[in-house]
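These notes are about the structure you will find just below.
Computed from the coordinates by the stated procedures, all read-outs in this text should not be read as laboratory data. If you're wondering where the values come from, they're calculated on a predicted model, not measured in any experiment. Methodologically, a virtual Cβ is constructed for each residue, glycine included, from the backbone with ideal geometry; neighbour enumeration extends over all protein chains shown.
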Amino acid sequence: MHFGANELQKMKKNIYWIIPFIVVLLSVSCKTQKEKLEFITPDDGKRVTKGETLDIKLKFPFSDIDSVVYSLDGEVVERKTDTSGITIQTENIHYGSRNLRAKMYGNEKEKIAYSTIKILPPKAKELTYEVTNTYPHDVSAYTQGLEYDGSHLYESTGINGESTVRKVDLKTGEVLQKIDLNKDHFGEGLTLMDDKIIQLTWRSGIGMVYDKESFKRLETFEYQNSKEGWGICFDGERLIKSDGSEKLYFLNPETYKEESSITIYDHEGVVTDINELEYINGKVWANIYTKDIIIIIDPSSGAVEGKLNFVGLYTEDRDPFDNEMNGIAYDAKNDRVFVTGKKWNKLFELKITNND
C-alpha cells in the first residue's frame, strides 16, 4: 500500500494531536490511582476458616483523614479516626461470601473500597469404618431411599414404571410388602415419621405420604422452592429435604411446607449434588451423587464436619453409571449404619470406628 504526500501529512497531524491526549489520560489515570482507597488485606475472595481473626488494612490516598467506617454485609462493624486498620472475629459470621466495605472521609472527600471474603468451615474429619455384616440386596432395586425401624428396612426405588415403596427383611433381602408408583412418577428419597412413610418423587414436584402399616397413600404435597426431590430424613421435629443442589430444606411435618433452608459448605466452598439423607445423632448424613462418599452435615450451620470414603466397598460388575452408592439407614438401638446402592446385590452393615 502506498500513501501520497497529502495522506502522510494528515497522519502526522493526527498523531501530533493524539499524543498529548494520551499523556493527559495517563496523567489523570495515575492521579486517580493515587487517590484511590484500596484494601491491602484481605485479598478479594480470600478464604477464611470460621473462627480465625481477620486483619483488615487499607491503602489510603492521603493520611489526613477524618474517619473510616468499616462494614460487613452492610452492617457497621467499626469506626476509626486513623489509618491503623482493624481486626474482625469470624466466629459468629455465617458461612459463604461476605462483602466488606470501607468508607473514608477526609479532605472534604469521600472514598469507598470494596472486598469480599469467603467464610468456610475447617476441613472435615476423615472417618473410618469396619464392615461387620453383609446382607443380600435386590439387584433390580434402583435404591433411592432407605430406612430401618428396628425390625425391617423400608426402601424407595426409582425409574419411571419401576418405582416402588417396599418393606424388606434385613437378613434375607426378601421384599415383604410393596406398592408400585404411577408409571409417570420417578421414586426418590424416603423417610419414616411416626406411623407414616414419606416418599419423594424426582421431577413430578410432589411428595407422597403413606400409612406405614398398610402402605395406603394418605395424601400428597407439593414442593415449593426446591423444584426436585432427591433425599429426605426426619429429625424428630422437622423433615429435611435435598434437591440435588447445595441446599437442605426444612419442612413442617404437618403441612409439609418449606419453612427455611441452609447452604452446605466444606473447607473448599459450596457442596452440591447432595442426595439421599439420614439423620444420625443430631447430624445429617448424605450421599454425594455419583461418588462413593458420604458427608456428615451440621444442620444448624451447614458445615460439613465429617466424611466417609467408600471407594472400593462395592466393585462387583459395576456399570459406569446407574450403579451409584445411594441409601443410608441407621439402627439407633444398636448403633449400626447400613449402606447400599442402586442395583447393588449387597447391603453392608458398618461400624464407624472414629466418630468421637
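Counting other Cβ atoms within 10 Å, which GluC sites (Glu not before Pro) in the range 82-134 have at most 12 and lie in a DSSP loop? Please report the intermediate quantities before stating the final value.
Numbers: sites: 91, 108, 110, 126, 130; in loops: 91, 108.
Listed in order of number, the matching sites are 91, 108.
The convex hull built on the alpha-carbon positions of the range 39-120 has an orientation-averaged projected area of 4.7 nm². Test of understanding: extend the Cα→C-beta vector of residue 281 to 7 Å, then name every residue of the range 312-342 with backbone N under 11 Å from that spot. So the set is 335-337.
For the range 261-320, count the residues as N, evaluate 2.2 N^0.38 Å, and divide the Cα radius of gyration by that value, please. Numbers along the way, then the final one.
Working: Rg = 12.4 Å, N = 60, 2.2 N^0.38 = 10.4 Å.
Against the compact-globule rule of thumb, the ratio is 1.19.
Among the trypsin sites (Lys or Arg not before Pro) within the range 237-289, those in coil by DSSP and having at most 16 neighbouring Cβ atoms inside 10 Å are 257. Dividing the Cα radius of gyration of the chain by its Kirkwood radius returns 1.22 for Rg/Rh. Listed by chain and number, the lysines placed with their C-alpha closer than 16 angstrom to that of residue 342 are 291; residues fewer than eight positions away on the same chain are left out.
Ordering 181, 72 from the fewest to the most neighbouring beta carbons within 10 Å gives 72, 181. Potential lengthening of the chain between residue 125 and residue 53 amounts to 23.7 nm, from the contour at 0.36 nm per residue minus the alpha-carbon distance.
A simple charge model with +1 on the Cβ of Lys and Arg, -1 on the Cβ of Asp and Glu and nothing else charged puts the dipole of the range 125-352 at about 200 debye relative to its Cα centre.
Placing dummy labels 7 Å off each Cα toward the beta-carbon, the span from residue 184 to residue 307 is 4.2 nm.
Show me the trypsin sites (Lys or Arg not before Pro) within the range 320-356 that DSSP assigns to loop and that have at most 12 other Cβ atoms within 10 Å of their Cβ. Walk me through the intermediate numbers first.
Working: sites: 333, 336, 342, 343, 346, 351; in loops: 333, 342, 343.
Filter output for the range 320-356: 333.
With K and R counted +1 and D and E -1, the other residues having a Cβ less than 9 Å from that of residue 145 yield a net charge of -4.
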